[in-house]
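**Q** Sharing a structure, written as structure tokens. Questions coming.
Each reported figure results from applying straightforward, stated rules to the coordinates on display, with no laboratory input. Because the structure is predicted, anything quoted here is derived from the model rather than measured. Positions of Cβ are backbone-derived with ideal geometry, glycine not excepted, and every protein chain shown enters the neighbour counts.
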Ligand code: NDP
């Protein structure tokens, strides 16, 4: 079914989304704050609006943050419009934005898209959506052009809770790999020598085997019980101190290892050293 989609924001993400909607056969209107970014899309059949007021019923927004939406649509009549905002921001900002759109007669669907531009419209791409379920369902067929639709709930902040959780794991996991590679390189070990072991670690953590800590910890989080007989937090806090020592003596940055050491030591000092590593979540919940 052909739908009219208005894409607001023609950065790396928005312009790829507009192109993907066009290739899926939809009628596409585009608008960007700074003119001059729509040429290639117009050549593919898009209509370039001179103002966001020309938007149709369904708007897909991809901008730097939610402030950009206020700046762009502050003067636009939103009655009857569905705004699907795929920009990044904090959950509370999305909740306020939902009220802001509703006060202007529109409906906000919030989304966190989990792929970079080359992944848009490709198999495996997915987006966390939150907001009114019936509105998401009504537009699912159209939205599926850019990615799978993963609906996570009515609270408009939820899309970003899932998105930020995923991004945090992505960034901190990869930064841990950068630290590990820098440590290895400081001792003359080539990054390619470390790679198979990094793959073993990341794969094992996510897997079903004896290193499948994601699964073990999830069960512990749900039970709020953290058995530590096999490997106590105290032992791991001391071990994290050895990691910090290794970074410091190598003369490389130790910011992330030091932050982990402090966190482990705090959980230990709070009296939970005999429990397992999972007990650190209790310290994270109570800063
Ligand atoms: P870009 O920096 O490429 O584009 C930003 C867009 O926001 C531009 O269209 C820019 O307009 C617009 N914009 C910024 N500030 C304002 C404002 N005050 N008023 C109106 N328009 C404004 O970003 P991306 O396309 O890479 O990212 C867009 C969103 O998608 C971000 O929230 C990002 O976190 C998220 N995201 C990005 C991914 C990626 O890999 N790139 C992956 C997943 C999500 P102008 O051209 O006028 O400056």
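**Q** Let me understand region 245-287 better: what is its radius of gyration from the alpha carbons, and its Dmax, in angstrom?
**A** Considering region 245-287 through its Cα atoms, Rg and Dmax are 12.1, 33 Å.
**Q** Sticking with this structure for a sec: What ratio of Cα Rg to 2.2 N^0.38 Å holds for the chain?
**A** So the chain has a normalised radius of gyration of 1.23.
**Q** Give the relative contact order (percent, whole number) for region 162-285; include only Cα pairs under 8 Å separated by 6+ residues.
**A** Values: 103 pairs, mean separation 30.1, N = 124.
Relative contact order for region 162-285 comes out at 24 percent.
**Q** Rounded to the nearest 500 deg cm²/dmol, what is the calculated helix-only ellipticity per residue at 222 nm for the chain, with -39500 (n - 2.57) per DSSP H run of length n ≥ 4?
**A** Taking each H run of at least 4 residues, the total per residue is -15500 deg cm²/dmol.
**Q** Please compute the Kirkwood hydrodynamic radius over region 4-157, one decimal place, Å, based on all pairs of different Cα atoms.
**A** Values: mean 1/r = 0.0663 Å⁻¹.
Kirkwood hydrodynamic radius for region 4-157: 15.1 Å.
**Q** Where the Cα atoms of region 146-201 are projected onto their three principal axes, how long is each span, largest first, in whole Å?
**A** 52, 20, 19
**Q** Which part of region 259-273 falls in the paramagnetic zone of residue 169, meaning amide N under 20 Å from the point 7 Å along Cα-to-beta-carbon?
**A** Answer for this model: 260.
**Q** With Rg and the Kirkwood Rh both taken from Cα atoms, where does Rg over Rh land for region 1-77?
**A** Working: Rg = 11.3 Å, Rh = 12.2 Å.
Taking Rg over the Kirkwood Rh, I get 0.93.
**Q** Between 0 and 90 degrees, rounded to the nearest ten: what's the tilt of helix 255-267 against the longest Cα principal axis of the chain?
**A** Roughly 70 degrees, rounded to the nearest 10.
**Q** Could you state the per residue volume, in Å³, of the convex hull enclosing the Cα atoms of region 45-88?
**A** Numbers: hull volume 3.6 nm³, N = 44.
Measuring per residue, one finds 83 Å³ for the Cα hull of region 45-88.
**Q** With both partners inside region 111-223, how many of the DSSP beta bridges are antiparallel, as a percent to the nearest 5? Intermediate results must be reported in sequence, preceding the final value.
**A** Values: 3 of 8 bridges.
Roughly 40 percent of the beta bridges in region 111-223 run antiparallel, per DSSP.
**Q** Shifting gears a bit: Kindly express, to the nearest 10 degrees and within the range 0 to 90, the angle between helix 233-250's C-alpha long axis and the longest C-alpha principal axis of the chain.
**A** Result, in degrees: 80.
**Q** If you restrict to DSSP beta bridges whose two residues both lie in region 1-130, what percentage is antiparallel, to the nearest 5? Please list the in-between numbers first.
**A** Working: 4 of 23 bridges.
That works out to approximately 15 percent antiparallel.
**Q** Got the relative contact order for the chain handy, in percent, Cα pairs under 8 Å and 6 or more residues apart?
**A** 11
**Q** To continue, here is another question. Per 0.36 nm of contour for each residue apart, how much would the distance between residue 198 and residue 70 grow if the chain were fully extended, relative to their Cα-Cα spacing? Don't jump to the answer; show the numbers that get you there.
**A** On the way: separation 128, 0.36 × 128 = 46.08 nm, distance 4.32 nm.
Net length gain for the segment: 41.8 nm.
**Q** Mind jotting down the distance between the C-alpha centroids of region 58-130 and region 248-265, whole Å?
**A** Using only Cα atoms, the two centres lie 38 Å from each other.
**Q** Calculate how many DSSP beta bridges within the chain are antiparallel, expressed in % of all such bridges and rounded to the nearest 5. List each step's numbers first, then the result.
**A** On the way: 4 of 28 bridges.
Roughly 15 percent of the DSSP beta bridges within the chain come out antiparallel.
**Q** Specify the angular offset, from 0 to 90 degrees and rounded to the nearest 10, of the alpha carbon long axis of helix 12-23 from the longest principal axis of the alpha carbons in the chain.
**A** Rounded to the nearest ten degrees, it is 50.
**Q** For residue 23 and residue 137, what does the FRET efficiency come to when R0 = 22 Å and r is the distance between their Cβ atoms, rounded to the nearest 0.05?
**A** Numbers: r = 24 Å, r/R0 = 1.07.
After rounding, the FRET efficiency stands at 0.40.
**Q** So if the hydrodynamic radius of region 209-287 is defined as the Kirkwood radius over C-alpha pairs, what does Stokes-Einstein give as its diffusion coefficient at 25 °C and 0.890 mPa s, in µm² per second? List each step's numbers first, then the result.
**A** Values: Rh = 13.1 Å.
Diffusion coefficient, whole number: 187 µm²/s.
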